[in-house]
1. Look through R76, R157 and report the one residue that is at pLDDT 95 or above, out of contact with any Ser or Thr (no Cβ under 7 Å at 6 or more places or on another chain) and not hydrophobic (A, V, I, L, M, F, W, C).
2. Tell me, which residue of region 7-22 that is at pLDDT below 90 and within 17 Å of H86 (Cβ to Cβ) is surrounded by the most Cβ atoms within 10 Å (Cβ to Cβ)?
3. Tell me, please, whether a residue that is part of a loop (DSSP other than H, G, I, E, B) and at pLDDT 90 or above can be found in region 140-152.
4. Considering only region 35-72, state which residues are of a type in the set (F, W, Y) and either under 11 Å from the mean Cα position of the chain (by Cα) or on the phi > 0 side of the Ramachandran plot (or both).
5. Look through region 111-132, keep the residues that are in contact with a Phe, Trp or Tyr (Cβ under 7 Å, 6 or more places away or on another chain) and at pLDDT 70 or above, and return whichever of them is surrounded by the fewest Cβ atoms within 10 Å (Cβ to Cβ).
Amino acid sequence: METLEIIHYLKDGDKLIFFLPRHLRAVGAYSLFTHAEKLIQEHNPSAILLDLSGTEYIDSTTIGTFLKLRACMLGRQGAFLLANIHPKVARILSDMHLYDYFSRFSDEALSRVREKVLDSVPVIDKRFLAPWYLKETHECLVKAAPALKESFLPLLRALEAKIALSCNQRAGV
């Protein structure tokens with residue numbers, strides 16, 4: 001049984017700071033994205049910072065989520081930064097050929113800000129993790145790191161088939 005860890009966040013001036021848990025997988029990443037989207041609309045931040053100091057594992061959906069948030073912020077002339085990247089996450093990003101794709105910085109004080117946290121991201125029930133979201137995040141991943149395309153092609157095809165089946169069922173076909 002998967003244990004979900006809480007994602008905390010803080011609005012600091014015109015920035016949104018998210019403090020990610022030790023392990024972040026698809027359900028948590030989807031929760032992060034849907035909540036961040038709402039906060040971006042409400043607060044129009046100049047930057048989103050993800051503090052990864054305590055994060056030791058991220059999956060491919062999480063990396064795709066980072067790419068989607070990055071694109072969203074760049075489209076708004078904002079910044080998207082990864083802060084205090086744990087060495088294990090740095091290795092994952094390097095293995096995926098994406099470590100240099102993201103703007104990064106280190107700030108020990110940021111980890112201490114966690115105590116001023118305003119709220120936590122509501123976790124979405126994994127039954128509602130949409131196949132289209134998984135497909136989008138992995139398409140972002142393949143676009144950013146084309147060398148990964150062959151590895152993710154079976155997953156993308158399976159998700160495409162699942163989405164088509166779902167659409168056909170809704171249409172009564």
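The values are calculated or read from the model by the stated rules, or taken from the named source; none is laboratory data. Just so we're clear, the structure is a prediction, and the values are computed from it rather than from any experiment. Please note: Cβ atoms are built from the backbone with ideal geometry, for glycine as well, and neighbour counts cover all protein chains shown.
1. Values: R157 fails: at pLDDT 95 or above.
After ruling out the rest, the residue left standing is R76.
2. Only one residue fits best here, namely I7.
3. yes
4. Initial filter on region 35-72 (of a type in the set (F, W, Y)): 57, 66.
Within region 35-72, just F66 meets the criteria.
5. So the residue we want is L129.
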